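Peer 1: One structure, pasted below without further comment.
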Amino acid sequence: MGRRLVVPGTGGCTYRRADTKARIGTIVDIAKGDGDQLLCTHTPGKLAPNTTSGIRENGKAIAIEPFDEQSGPYDLFAHAQLPSYRFFNYDWRLDIRQSGQMFWDFLQSQKDQGEPWDVVCHSQGGLILLWAAKLAVRSGVKFGAYVRKVVMAGVPIYGTVNAVEGLLVGADAFVGAHVDKSVVRSWPSIYMMMPQWDVGLPLPGAQMFLNAAWDDADLLPKQGEVFDPSRHVDTALLARAREWKNERATNWLEPLRDTKGLQFIFGENRRVRAQIPHFPSLPDDSQADGKVIVRGDSLVPLDTTWTMLPNWVQRESTAFMVPCESHMLLCNERPVFDKCESFFA
């Protein structure tokens, strides 16, 4: 039996000031107050951000960081005992490759401290684990020496239309907690989690990663025009997302064959947008039609994601579909916790 670890999604991160260590709150807390605290700035070609907050003191932006405080969406795992679950905390706004490197560094630092880990990944947490697995292969080692079993719970392995929605209109963290689109457009991870399938536009390939899709929608600066995040998406972050997509294009899940088991858990009873045929207008999601609006967990389209997985994954992994209240709360559903416990036993 391995040590147990959760790599959470957006809802699992609590922020504090980097200098004073004073608690700021979760994304829900921040969005209900001053969402500009979540603004980032970047330099093209550099994974790490220049600044991690839009709040300034004495003419200088403060820095914020995640820390070890778990929030409600993971209460079942946070309060589990014998065995207990450890959490890997990261800043979900930032470049997934940077977070994946940090996770790979963590796994290496823990290699001689006990058995390989049994890992529950939720949402973006699964993408971070997959990038860490890719780094293991690049280092010439087997990922299974560090991770014994993996559960992918509500992981947008091939993206989500919700990321596009966030770039268009901002992000609703929870009821009454909205982050403005000008702030969301400063998060590299959102661009990276755009859908990699045909969303119904007259363009080739993974259309949302193309500058042409956004230019046709008048969401890119024109030649000589100054970038305005209230009107434009960031072309540098679009380019970064294309790099990420191309780097992960082949054998994305192959390193997980070295583990002792892979399990998927999907929410099945919530409506999810799978296509945007009239982009930048978002389709009405009040009723599923099986094509534009499909079943899922409110973020991950179940059937679209499953059918894109490699044949060996569909054959060799186990998969469960569960009803859920929402994507954010998927890991607080008792059946999800029980499936993880039985899988790791």
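Values in this text are rule-based calculations from the coordinates and carry no lab data. Because the structure is predicted, anything quoted here is derived from the model rather than measured. Cβ sites come from the backbone with ideal geometry, for glycine too, and all protein chains shown count toward neighbours.
Peer 1: When only C-alpha pairs under 8 Å and at least 6 residues apart count, what is the relative contact order of the chain, in percent?
Peer 2: Averaging sequence separation for qualifying contacts and normalising by length gives 18 percent for the chain.
Peer 1: Per the Cauchy relation, a quarter of the hull surface: what is the mean projected area of the convex hull of the alpha carbons in segment 91-179, in nm²?
Peer 2: Average of the hull's projected areas for segment 91-179 equals 6.8 nm².
Peer 1: Still on this structure, I have one more. For residue 22 and residue 257 in one chain, what is 0.36 nm times their gap in residues minus the Cα-Cα distance, to one decimal in nm?
Peer 2: Details: separation 235, 0.36 × 235 = 84.60 nm, distance 4.19 nm.
Contour length minus Cα-Cα distance gives 80.4 nm.
Peer 1: State whether segment 1-40 is rounded, prolate or oblate according to the following rule on the C-alpha gyration tensor (a ≥ b ≥ c being the square roots of its eigenvalues): a/c under 1.5 gives rounded; otherwise a/b larger than b/c gives prolate, and the remaining case gives oblate.
Peer 2: On the way: a/c = 3.10, a/b = 1.90, b/c = 1.63.
Note, shape of segment 1-40 comes out prolate.
Peer 1: Now for a different question. Normalising by the residue count of segment 200-345, find the relative contact order in percent from Cα pairs under 8 Å and 6+ residues apart.
Peer 2: Numbers: 163 pairs, mean separation 30.6, N = 146.
Rounded, it is 21 percent for segment 200-345.
Peer 1: For the pair residue 242/residue 109, report the inter-label distance in nm, with labels modelled 7 Å from Cα in the Cβ direction.
Peer 2: 3.6 nm
Peer 1: Does segment 142-283 come out rounded, prolate or oblate by the C-alpha gyration tensor, with a ≥ b ≥ c the root eigenvalues, rounded set by a/c under 1.5 and, if not, prolate when a/b is larger than b/c and oblate if not?
Peer 2: Prolate, because a/c is 1.5 or more and a/b exceeds b/c.
Peer 1: Please compute the modelled spin-label separation between residue 287 and residue 217, points set 7 Å along Cα→Cβ, answer in nm with one decimal.
Peer 2: 2.5 nm
Peer 1: At what distance in angstrom do the alpha carbon centres of segment 60-136 and segment 269-341 lie from each other?
Peer 2: Cα centroid of segment 60-136 versus Cα centroid of segment 269-341: 22 Å apart.
Peer 1: Let me ask another. Could you work out the equivalent-ellipsoid semi-axes for segment 216-345, taking the square root of 5 times each eigenvalue of the Cα gyration tensor, largest first, in whole Å?
Peer 2: Over the Cα atoms of segment 216-345, the semi-axes work out to 33, 21, 14 Å.
Peer 1: Give me a comma-separated list of calculated 3J(HN,Hα) values for segment 303-315, in order, Karplus coefficients 6.51, -1.76, 1.60 applied at θ = phi - 60°, integers in Hz, x for any Gly or Pro.
Peer 2: Listing the rounded values in order: 5, 4, 5, 5, 5, 7, 5, x, 4, 5, 5, 5, 7 Hz.
Peer 1: 7 Å from Cα along Cα→Cβ at both residue 227 and residue 137: what's the point-to-point distance in nm?
Peer 2: Result for the modelled spin labels: 3.1 nm.
Peer 1: Also, I was wondering about something else. Explain nothing, just compute: Karplus ³J(HN,Hα) = 6.51 cos²θ - 1.76 cosθ + 1.60, θ = phi - 60°, for every residue of segment 219-227 in order, whole Hz, x for Gly and Pro.
Peer 2: Each residue's phi maps through the Karplus curve to give 10, 10, x, 6, 4, x, 8, 7, 4 Hz.
Peer 1: If you take every residue apart from residue 307 with its C-beta less than 15 Å away from the C-beta of residue 307, what net charge results, scoring Lys and Arg +1 and Asp and Glu -1?
Peer 2: On the way: positive: 291, 295, 315; negative: 198, 268, 303.
Taking every other residue near residue 307 into account, the sum is 0.
Peer 1: By the gyration tensor of its Cα atoms, with a ≥ b ≥ c the square roots of the eigenvalues, what is the shape of segment 5-164: rounded for a/c under 1.5, prolate for a/b over b/c, or oblate? Mind dumping the intermediate values first?
Peer 2: On the way: a/c = 1.77, a/b = 1.45, b/c = 1.22.
It comes out prolate by the Cα gyration axes.
Peer 1: Let me ask something else. Cross-link list 32/222; 46/245; 46/260; 181/222; 46/134; 32/245: which exceed 27 angstrom alpha carbon to alpha carbon?
Peer 2: 32/222; 46/260; 32/245
Peer 1: Let me ask something additional. What number in nm² do you get for the chain if you take the convex hull of its Cα atoms and divide its surface by four?
Peer 2: Details: hull surface 69.9 nm².
Projected over every direction and averaged, the Cα hull of the chain covers 17.5 nm².
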